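A.B. asks: Below you'll find the structure I mean.
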């Protein structure tokens, strides 16, 4: 077999393996696997059910060993989570949030949709661009890595 033929066989095998390990995703998200771990990661929301967050009110999620904390765009939240990297199963537990009223109705509406969806997620996947998608019966949340902020001091 020629070098080109060998390369073609290797590429075909790799493409088959990737195709077998992915699941259909929402538009703009091509899952390729599952996050190896969530602990120590910080994310910001790109969309919830295809809807982008309001400028200046982007929800976030930060994962520690067994807790998730963040902002819904107006209120802060926190709770426990369980994640199984072998299956991608993600379960949020005991989520609670502050109860500040935001002035803008659009901000409140998006935050309500985000919290409702977050509370029902059951699967985490990642795509080639490094975005994480959280899916469940309540909808789909697409997140991107939150850039580290410089610490002043």
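Throughout, read-outs are computed from the coordinates displayed, never taken from laboratory work. The structure presented is a predicted model; accordingly, all values stated were derived computationally and were not measured. Methodologically, a virtual Cβ is constructed for each residue, glycine included, from the backbone with ideal geometry; neighbour enumeration extends over all protein chains shown.
A.B. asks: Tell me the label-point distance for the pair residue 101, residue 41, using the 7 Å Cα-to-Cβ offset, in nm and rounded to one decimal.
C.D. replies: My value for the distance between the label points is 3.7 nm.
A.B. asks: Another question about this same structure. To one decimal place, what Kirkwood hydrodynamic radius in Å is obtained for segment 24-145 from all pairs of distinct Cα atoms? Display every interim value, and only then the final one.
C.D. replies: Details: mean 1/r = 0.0703 Å⁻¹.
Every distinct Cα pair counted, the radius reaches 14.2 Å.
A.B. asks: Under the classification rounded if a/c is under 1.5, otherwise prolate if a/b is larger than b/c and oblate if not, where does segment 62-126 fall, given a ≥ b ≥ c as square roots of the Cα gyration tensor eigenvalues? Please list the in-between numbers first.
C.D. replies: Numbers: a/c = 2.88, a/b = 1.94, b/c = 1.48.
Prolate, because a/c is 1.5 or more and a/b exceeds b/c.
A.B. asks: Classify segment 103-142 as rounded, prolate or oblate, taking a ≥ b ≥ c as the square roots of the eigenvalues of its Cα gyration tensor: rounded when a/c is under 1.5, otherwise prolate if a/b is larger than b/c and oblate if not.
C.D. replies: Numbers: a/c = 4.41, a/b = 1.75, b/c = 2.52.
The shape class here is oblate.
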